Amino acid sequence: MLLGVTRLGEKIKLVDLINELREKGKCIIGGELPAEADRVIELGIEGVDEITRILKHLAKPNKLKILLLLYKNSALPVCIISYALKLDQTLISHHLRSLEEAGLVTFERRGKFKFYKLTEVSQRLLDAILNVFKKE
């Protein structure tokens, strides 16, 4: 019984899963199965929670603006980010703290200032996102 023991992340032949679901009356695929049904599939996707958590940050316009500003300009202090985005420094600091906790930005101290920059993860993520929306 596949469904009774299958766990997320396990691999299973698609045809076996379809046949079991048919037997239980839970699959409406009729007739002969195509040749591709013999392939092995993996049930579940690892990392969904982490991806969702990061995408929630990207869905906030001010946070995305901060990330894009850092993407284009490397490391910047709060005062410059605040000036560029015309937002209060305390709001920028709040967003940066949240982005830091999410692993999307990091900072280095230079005297009294913290210079924020993207992490490698957010750099690659923004590369991919911007590539999708690139006008050719």
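Throughout, read-outs are computed from the coordinates displayed, never taken from laboratory work. Quick caveat: nothing in here was measured; it's all calculated off a predicted structure. Note that each Cβ is placed from the backbone with ideal geometry, even for glycine, and that neighbours are counted across all protein chains shown.
Over its Cα atoms, what ratio of radius of gyration to 2.2 N^0.38 Å does the range 47-118 give?
On the way: Rg = 11.9 Å, N = 72, 2.2 N^0.38 = 11.2 Å.
Expressed relative to 2.2 N^0.38 Å, the Cα Rg reads 1.06.
Could you work out the local net charge near E20, counting Lys and Arg as +1, Asp and Glu as -1, over the other residues with Cβ closer than 12 Å to its Cβ?
Charge balance near E20 sits at +2.
Restricting to lysine pairs 8 or more places apart or on different chains, what number in the range 49-132 have Cα atoms under 18 Å apart?
11
Counting only residues 5 or more places away or on other chains, whose amide H sits under 5 Å from the amide H of T119 once H atoms are built in the peptide plane?
Residues meeting the amide H criterion: V105, T106.
What residues of the range 106-136 lie in the reach of a label at L69, counting those whose backbone N is under 15 Å from a point 7 Å from the Cα along Cα→Cβ?
Counting backbone N atoms under 15 Å from the label point, the list is 106, 114-118.
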